[in-house]
Amino acid sequence: MRIHSLQHVPFEDIGSMANDFIARGYVLNTTHWYRGDKAPDVHSFDALVVMGGPMGIYDEAIYPWLADEKILIKEAIHAGKIVIGICLGAQLIADVLGGKVTRNANKEIGWLPLQILPEANAHPIAQILAKYPEVFHWHGDTFAIPPGALHIARSEGCLNQAYALNDQVYGFQFHLETTPASAAALIEHCAEDIDGSRYTQPASFMLADARRFARINRAMSEVIAHIFDK
């Protein structure tokens with residue numbers, strides 16, 4: 001299995017997913033858009049993992065590569081590749097599939113719980129998420145659920161948190177892959193986002209308990225197992 005990730009900034013890589021893929025013997029490659037990398041050929045990978053970043057999906061005037069990225073995501077979906085989006089990645093995928101991306105009413109930054117939608121209770125991803133009382137968030141935008149996709153989860157501060165389309169395409173607004181190191185990097189580079197609003201938490205609280213990261217990384221491993229171990 002060939003995994004290709006799309007990385008938008010130096011401090012948001014695939015995190016704990018790397019261990020899951022390496023343990024399976026998968027080949028890992030990355031396009032670093034911020035370094036000027038070119039888009040890969042859609043036939044060079046079997047699964048595409050689209051990561052987060054502080055930019056918005058409509059910021060093509062500032063980040064021209066966003067246009068190329070959207071084309072690549074659309075090609076990958078049409079080619080039947082597995083496509084997974086985290087945070088900005090989930091927003092980019094939603095946009096490509098016809099789900100509008102907008103500013104959320106609230107920023108969500110820190111450890112906050114999810115609520116599973118009743119219509120999604122039987123879905124394996126919903127059953128995984130239901131076992132974990134809180135996940136890590138860092139976002140100010142939100143996506144509409146793409147046409148035809150299953151709405152899996154929401155939170156108190158954000159209506160749309162996760163979706164799945166045909167056991168091929170998955171979008172997660174939150175982060176299960178975050179490690180203590182990657183959370184510290186987010187705090188270092190995006191500290192201005194922590195503004196004391198209702199659903200944001202102090203940096204010290206976010207980093208205080210390493211067991212939280214271990215739990216979400218286990219959840220990530222279970223999600224990866226569902227998607228890939230078939």
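The values are calculated or read from the model by the stated rules, or taken from the named source; none is laboratory data. Keep in mind the model is a prediction, meaning the values are calculated, not measured. Don't worry about glycine lacking a Cβ; one is built from the backbone with ideal geometry, like all the others, and counts go over all protein chains shown.
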Exactly one of 14, 22, 93 is surrounded by fewer than 23 Cβ atoms within 10 Å (Cβ to Cβ), within 18 Å of residue 172 (Cβ to Cβ), of a type in the set (Val, Ile, Thr) and at pLDDT 95 or above, and that residue is 14
Give me a count of the residues in the stretch 106-160 that are free of Cβ contacts under 8 Å to residues at least 40 places away in the same chain, under 16 Å from residue 216 (Cα atoms) and not in a strand (DSSP E or B).
-> 4
Do we find that residue 85 is part of a loop (DSSP other than H, G, I, E, B), in contact (Cβ under 8 Å) with a residue 24 or more places away in the chain, touching a helix residue (DSSP H, G or I) at 6+ places or on another chain (Cβ under 8 Å) and buried (at least 23 other Cβ atoms within 10 Å of the Cβ) in this structure?
-> no
Out of all the residues in the stretch 201-221, which are more than 15 Å from residue 110 (Cβ to Cβ) and surrounded by 14 or more Cβ atoms within 10 Å (Cβ to Cβ)?
-> 217, 218, 219, 220, 221
Answer with yes or no whether residue 177 is over 18 Å from the mean Cα position of the chain (by Cα), within 19 Å of residue 15 (Cα to Cα) and acidic (Asp, Glu).
-> no
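Of the residues that make up the stretch 173-183, is at least one farther than 21 Å from residue 16 by Cβ, out of contact with any Cys (no Cβ under 9 Å at 6 or more places or on another chain), in a loop (DSSP other than H, G, I, E, B) and not acidic (Asp, Glu)?
Residues of the stretch 173-183 farther than 21 Å from residue 16 by Cβ: none.
No, the conditions are met nowhere in the stretch 173-183.
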Flag for residue 133 being at pLDDT 95 or above, surrounded by fewer than 22 Cβ atoms within 10 Å (Cβ to Cβ) and not hydrophobic (A, V, I, L, M, F, W, C) | no
Where residues in the stretch 46-58 are small (Gly, Ala, Ser) and in contact (Cβ under 8 Å) with a residue 60 or more places away in the chain, which of them is farthest from residue 176 (Cα to Cα)?
-> 56
Determine if the stretch 43-61 includes at least one residue that is assigned to a helix (DSSP H, G or I), out of contact with any Gly (no Cβ under 6 Å at 6 or more places or on another chain), buried (at least 17 other Cβ atoms within 10 Å of the Cβ) and among the β-branched types (Val, Ile, Thr).
-> no
Pairing a residue in the stretch 23-45 that is of a type in the set (S, T, N, Q) with any residue that is part of a helix (DSSP H, G or I), where Cβ atoms lie under 8 Å and the two sit 6 or more apart in sequence or on different chains, gives 29/44
Any idea which of 107, 100 is more than 20 Å from residue 230 (Cβ to Cβ), of a type in the set (Lys, Arg) and buried (at least 21 other Cβ atoms within 10 Å of the Cβ)?
-> 107
